[in-house]
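Report on the following structure.
Read-outs: derived from the displayed coordinates by stated rules, not from any lab. If you're wondering where the values come from, they're calculated on a predicted model, not measured in any experiment. Note: ideal-geometry Cβ built from the backbone for every residue, glycine included; neighbour counts use all protein chains shown.
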Amino acid sequence: MKNYNDLMQECLETVQEVFPWDLDEAIQAGQDVLLLDVREPDEYDAMHIRNSLFVPRGVLESACEWGFDDTVPELVQAREREVVVICRSGNRSAFAAKTMQDLGYQNVKSLKTGIRGWNDFELPLIDRAGKEVDIDEADEFLASKVSAEQMGPQQ
């Protein structure tokens, strides 16, 4: 039986990852990169990278195709465009990027370390209103909150 880490490793066999500083360099150079944030609405509203497109992971497949309530035309039309998928830590984005590859996206990558790494590199994040988010507030929001119960039985 496979576990989460096994599935992640399978994704990373085909999904390229890009570090936050390399993505920032590409953005600053004016490269045509579609930033796709696949986190949950409350996460995106609290903080995101400026000009990122928001499509929650739960509706990604239908957002990538014509004819659905969740269809996002800019995303459907980006199959040959460079797309960098973003989440909190780089895990959901890797799974999402793999799904997009399966749907025919030719140049999709995952942001390694996610928004957490972006913030650690002290790159700007904005909230829903477009106001820049304080780095320390972002650190607190993005910190892992795994409880003892979530750690499972000790072996």
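Some notes on this structure:
- For region 37-58, taking the residues that are aliphatic (A, V, I, L, M) and out of contact with any Ser or Thr (no Cβ under 7 Å at 6 or more places or on another chain), the one that is farthest from ALA129 (Cα to Cα) is identified as VAL55.
- If only residues of region 82-122 that are more than 16 Å from the chain's Cα centre (by Cα) and not hydrophobic (A, V, I, L, M, F, W, C) are counted, the one that is nearest to ALA26 (Cα to Cα) is GLU122.
- Residue match in region 71-91 (condition: among the hydroxyl-bearing types (Ser, Thr, Tyr), in contact with a helix residue (DSSP H, G or I) (Cβ under 8 Å, 6 or more places away or on another chain), surrounded by 15 or more Cβ atoms within 10 Å (Cβ to Cβ) and touching a residue at least 24 places away in the same chain (Cβ under 8 Å)): yes
- Neighbours by Cβ (under 9 Å, 6+ apart or cross-chain): first from region 24-42, part of a helix (DSSP H, G or I); second not hydrophobic (A, V, I, L, M, F, W, C): GLU25/GLN31; ALA26/GLU82; ILE27/ARG50; ILE27/ASN51; PRO41/PRO56
- Only one of the numbered conditions (1) closer than 19 Å to LEU142 by Cβ; (2) more than 13 Å from the chain's Cα centre (by Cα); (3) among the basic types (Lys, Arg) is not met by LYS2, and that is (1).
- Among the residues making up region 97-125, a single one is within 27 Å of ASP136 (Cα to Cα), in contact (Cβ under 8 Å) with a residue 40 or more places away in the chain and among the basic types (Lys, Arg): LYS112.
- Among the residues of this structure, VAL59 does not count as one that is under 22 Å from VAL15 (Cα atoms), among the β-branched types (Val, Ile, Thr) and under 12 Å from the mean Cα position of the chain (by Cα).
- Listed by position, the helices (runs of 4 or more DSSP H) inside region 49-155 whose residues that are among the basic types (Lys, Arg) number at least 1 are 91-102, 114-120.
- Inter-residue pairs, beta-carbon under 9 Å, first in contact (Cβ under 8 Å) with a residue 40 or more places away in the chain and closer than 13 Å to VAL76 by Cα and in region 46-62, second of a type in the set (S, T, N, Q) and buried (at least 17 other Cβ atoms within 10 Å of the Cβ), 6+ apart: LEU60/THR99; GLU61/THR99
- Residue list for region 11-23, restricted to those being without any contact (Cβ under 8 Å) to a residue 12 or more places away in the chain and under 15 Å from PHE95 (Cα atoms): GLU13
- Applying the set (1) in contact with a helix residue (DSSP H, G or I) (Cβ under 8 Å, 6 or more places away or on another chain); (2) over 22 Å from PHE141 (Cα atoms) to ALA94 leaves exactly one unmet item: (2).
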